[in-house]
Every structure is written in structure tokens, then in C-alpha cells.
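Engineer: First, the structure itself, so that you have it in front of you.
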Amino acid sequence: MTLDNKRPLTLRDVSEASGVSEMTVSRVLRNRGDVSDATRARVLAAAKELGYVPNKIAGALASNRVNLVAVIIPSLSNMVFPEVLTGINQVLEDTELQPVVGVTDYLPEKEEKVLYEMLSWRPSGVIIAGLEHSDAAQAMLKAAGIPVVEIMDTDGKPIDSMVGISHRRAGREMAQAILKAGYRHIGFMGTKMPLDHRARKRFEGLTEVLAKNGVEIEDRAFYSGGSALAKGREMTETMLKRSPDLDFLYYSNDMIGAGGLLYLLDQGIDVPGQIGLAGFNGVELLQGLPRKLATMDACRLEIGRKAAEIITARLEDEPGEVEDKITLTPKISYGDTLKRR
């Protein structure tokens, strides 16, 4: 069945796809009335495959959209996404559009639920983190009939528009800097990467360049949940007891890197002479550490601004040409923990 992606799906589309009446479809989706289990399953399967989301705007407003932009992010607990939200808000505050935030905790099933609820209110656009989504989430985004901007990552193909950085390139550039500084015995610490796709891509870029230079990651550790600073300390202590010959530790984010740095300084270990360190994100909160952690800025504020600019430009009465696939270029900050030779 071919649908016009420029218009939202209707009950009729689900009716035609499932082979039952629009009234029956309505009953199933509102969980009302007496409908057989087989019919209910058929309707729900058709709706999910199409990406249909019911319209909660009643009466005369039913054909309109509200001045909301759905912003769907994986976390508010780390220091990354508040800056993205600031960039979005800086652009939208001069318009009638208002951002509304949903948090997925990096869980695909939760992303589906948040997206479903937000789209049911018929927002004017969606800004969503990442390029990897479940089949159901992709179907909803494709069928929404509104501007969709996927942010943070450009290593892949977007549903509509994207703004971010190449995380594989970021990993490759950090590997080159580590090797250039003379380090060869490298450990990696990061989040659970099956769920954190961007961390996984940085790790892939890192290991690709190391392997080409005959260097392998000698130890690795992963965490989920809890205080990132405390986890950084704990994982660093455990790793160095297990692999005392390591001379460089690469962390998937600055917060666990900061925990590792504080542990090493407490132990009187020479940083970066004996062990070098680097994180990722360029978190300003960490500027007050005893040593400045080497890192790479993820261009968070600019990503937020560019994403909001795409949404606003696409919603203009006569939208002009809009650049809708934007890859920004982060730079390495060497700080005090990645010696340059």
C-alpha cells in the first residue's frame, strides 16, 4: 500500500489495510466495544505496520496541528542533552512553537511509547536523538506527515533530516591523537553499547585506526546506571588492578573520565606521564578539575539550534531551500591529560 507521506494517516488507511470498517478500527484503537481477539490483533498489527497514531485533538481542531515540537532524547541525567535543549529553545523562543520533551532512557520500547503519545497530539515537528529506531518507531516517523530531524549522529541514513557529528570519525581522530602521543597500551571504558549507538560508533572508529597501526584495546569495561563519577573511579581502579601495564584510558564520556582522573590523582599516579586519559563531550562542568581532561566537543548547542532552524524553515508558508543533512566538525581539546609530542 503506497501512502502520501505528506499527509497524516487516517482511520480509513488502517481500515483498508486491515480489511475491517472504520468504526471497528476506532473501537479497537479506543479499546471500546465488543471486538473479537482476531480482529483486534489484525487492526493493531495494521496500525503498527503503517505507523498510525490516533489524533487526540478533538472536534474542530482535529484537522489542525498544535504549536508544539516534540523533542525526544535518551536522558536528562547526563550533561549532554540540556545544552541541546538550550539550542533548540534559543531558536524556538522567537516563534509560536514550544518544545515538549520526552525521555527514553536509551530503551527502544520506551522510545516507541513516548513517540506514540507525542504524535497523538499532532505536533508541528519532531526532533529525536539518534538514527537507530525500532521498525514501529520508524513507521510512525515516516507516516507523521511533519518535519522530522534526527540529531546527534550522522553515521547513517535519516528518515527525513539530520544534524550531528560523525561519531566514527570522532573515534578515529582520537585514536590518531593517542598514537601520535606515543601511547600503545590502551583500555576503554564506556556505557552499555548495544543501547548507546553513538558510543559504539566512536569505539568502532577508535579500534579501526588502532588496528591499522598494530595496536589493540587491551582491556575494556562497561557500565549502566548509577553515578558516572563514582562508576569512573570504580571501573578505573578495577581495570588497572587487572591490567597494570595500561598507559592510556579512553572513556566514552567525560563524566566517567573525570571519575577516573580523580582516582588516579588520589593514587599519586603521574597523569599524563604514566597514564594518559581522554573522554568525550566537552562538558563545561568539569573545567574545575585539578587537571583539564582531554576531550572532544560534541557541538551540542549548535546541533540543537540547527535542528530547530530546520523545523521552523520547513513550516514556513513558502519554505525555501533548507539544508537538511548537516554534519558538524568537533575538535579535540588536549587538556592536561593527553600529552602532545
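The values are calculated or read from the model by the stated rules, or taken from the named source; none is laboratory data. This one's a predicted model, so the numbers in the text were calculated from it and none came from an experiment. Counting neighbours? That spans all protein chains shown, and the Cβs are built from the backbone with ideal geometry, glycine included. The protein model used for the area step is the full one, side chains on, heavy atoms only, and it has no ligands, DNA or RNA in it. Shrake-Rupley method; radii C 1.70, N 1.55, O 1.52, S 1.80 Å.
Engineer: Over the chain, give the accessible area per residue in Å² for a 1.4 Å probe, as an integer.
Structural biologist: Heavy-atom accessible area per residue stands at 47 Å².
Engineer: Here's another thing I want to ask about it. For K331 and E93 in the same chain, what is the full-extension length gain: residue separation times 0.36 nm, less their Cα-Cα distance, in nm?
Structural biologist: 82.8 nm
Engineer: Then there's this: Name the lysines eligible as straight-distance cross-link partners of K331: C-alpha to C-alpha under 18 Å, and not fewer than 8 places from it in the same chain.
Structural biologist: Hits, sequence-local ones excluded: K180, K201, K292, K339.
Engineer: Label points 7 Å out from Cα along the Cβ direction at L76 and K142: separation in nm?
Structural biologist: 3.2 nm
Engineer: With r defined as the distance between the Cβ atoms of R30 and N67 and R0 fixed at 25 Å, what FRET efficiency is calculated, to the nearest 0.05?
Structural biologist: In this case the efficiency is close to 0.45.
Engineer: In deg cm²/dmol, rounded to 500, what helix-only [θ] at 222 nm does the chain give when every DSSP H run of at least 4 residues adds -39500 (n - 2.57) and the total is split over its residues?
Structural biologist: -12500 deg cm²/dmol, from helical runs alone.
Engineer: Can you give the extra length, in nm with one decimal, that the chain gains between S120 and L195 once fully stretched, where that is 0.36 nm per residue apart less the Cα-Cα distance?
Structural biologist: 24.4 nm is the gain from fully extending S120 to L195.
Engineer: Another one. Grab the beta carbon distance between T238 and K48, set R0 = 41 Å, and tell me the FRET efficiency rounded to 0.05.
Structural biologist: With R0 = 41 Å, the Cβ-Cβ based efficiency is 0.45.
Engineer: A further question on this structure: Could I have the simple spin-label model distance between K292 and I217, label points 7 Å from Cα toward Cβ, reported in nm to one decimal?
Structural biologist: The two pseudo-label positions are separated by 2.8 nm.
Engineer: Roughly speaking, what % of Cα-Cα pairs in the stretch 152-309 are separated by over 20 Å, rounded to a whole number?
Structural biologist: 49 percent
Engineer: Something else: What angle do you read, to the nearest 10 degrees and between 0 and 90, between the alpha-carbon axis of helix 37-50 and the longest principal axis of the chain?
Structural biologist: The angle comes out near 60 degrees.
Engineer: Lys and Arg at +1, Asp and Glu at -1: add these up for the other residues within a Cβ distance under 11 Å of S75 and post the number.
Structural biologist: -2
Engineer: Which lysines have a Cα less than 23 Å from the Cα of K241, not counting those fewer than 8 places away in the same chain?
Structural biologist: K241 reaches K192, K231.
Engineer: Out of the total accessible area of the chain (probe 1.4 Å, heavy atoms of protein only), what percent is carbon and sulfur?
Structural biologist: Within the chain, the accessible surface is 48 percent carbon and sulfur.
Engineer: Quick check: Cα centre of the stretch 154-214 to Cα centre of the stretch 91-111, how many Å?
Structural biologist: Taking the Cα centre of each part, the stretch 154-214 and the stretch 91-111 sit 26 Å apart.
Engineer: Per the Kirkwood formula on distinct C-alpha pairs, the Rh of the chain is how many angstrom?
Structural biologist: 21.9 Å
Engineer: Angle between the Cα long axis of helix 81-92 and the longest principal axis of the chain, 0 to 90 degrees, nearest 10?
Structural biologist: It works out to around 50 degrees.
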